[in-house]
Amino acid sequence: MDGFGSDFSLGAGSGKMDTGTIMEQVKVQIAVANAQELLQRMTDKCFKKCIGKPGGTLDNSEQKCIFMFMDRYMDAWNTVSRAYNSRLQRERARI
Amino acid sequence: INMENQGATADPQLQQFIEIESQKQRFQQLVHQMTEVCWEKYMDKPGPKLDSRTEICFVNCVERFIDTSQFILNRLEQTQRSKVSFSESMSE
């Protein structure tokens with residue numbers, strides 16, 4: 001089933017899209033996706049912890065709470081990232 | 001990321017790049033997931049910073065999460081293998 005492949009000449013002839021360009025575009029897309037993921041989860045957690053009964057605006061204490069939770073969430077994320085990385089290194093060293 | 005139908009696999013540099021980025025992505029996804037799961041366990045009251053006790057909790061959480069995942073994988077593989085040998089003996 002090559003219907004898609006036969007019309008899509010990514011590498012054929014002089015119309016070749018630069019490999020470097022593709023790589024850059026993919027990197028950007030991945031970075032954006034990661035940022036969105038982080039934003040979504042962080043917002044979810046902060047909202048659940050900081051906003052009890054949603055009012056007409058975000059009051060001062062709610063805002064302070066959100067800022068604090070954001071920082072803690074980033075700390076947690078970095079801690080998890082480091083811990084996971086160490087674990088992976090250890091697993092690879094065993095093989 | 002699947003670019004097999006686009007003739008891109010002719011380029012080994014691109015192929016390697018995709019493999020590496022995919023691996024990085026899987027890593028990132030798991031960090032997101034584990035952060036969320038572990039957060040639920042520990043963060044009732046956030047302080048001005050992550051104290052060392054909480055940090056240790058997060059590290060333990062990550063390690064046990066991975067252990068759990070491996071444990072489940074091994075068990076599933078065992079179950080699959082015993083199923084296969086069962087069906088083989090049935091067809092004889």
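The values are calculated or read from the model by the stated rules, or taken from the named source; none is laboratory data. Only a predicted model underlies this, so the values are computations on that prediction, with no experimental measurement involved. Every residue, glycine as well, gets a Cβ built from its backbone with ideal geometry; the counts of neighbours run over all protein chains shown.
Listed values, structure above:
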| item | result |
| --- | --- |
| Test for A:Ile95: is it at pLDDT below 90 and either among the hydrophobic types (A, V, I, L, M, F, W, C) or over 29 Å from B:Cys61 (Cβ atoms) (or both) | yes |
| Subset of the range B:43-58 (residues that are among the aliphatic types (A, V, I, L, M) and either under 19 Å from the mean Cα position of the chain (by Cα) or facing chain A (nearest Cβ under 7 Å) (or both)) | B:Met43, B:Leu50 |
| Count of the range A:49-70 residues which are assigned to a helix (DSSP H, G or I) and either modelled with pLDDT under 90 or surrounded by 14 or more Cβ atoms within 10 Å (Cβ to Cβ) (or both) | 8 |
| Candidate set: the range B:14-42, residues that are of a type outside the set (S, T, N, Q), over 13 Å from the mean Cα position of the chain (by Cα) and within 17 Å of A:Glu24 (Cα to Cα); chosen: the one farthest from the other protein chains (Cβ to nearest Cβ) | B:Glu19 |
| Count of the range B:27-49 residues which are in a helix (DSSP H, G or I) and not β-branched (Val, Ile, Thr) | 13 |
| Condition met for A:Gly11 (modelled with pLDDT under 90 and surrounded by 11 or more Cβ atoms within 10 Å (Cβ to Cβ)) | yes |
| Every pair of residues 6+ apart whose Cβ atoms lie under 9 Å, when the first sits in the range B:1-20 and is under 18 Å from A:Ala33 (Cβ atoms) while the second is part of a helix (DSSP H, G or I) and at pLDDT below 55 | B:Ile18/B:Ala8 |
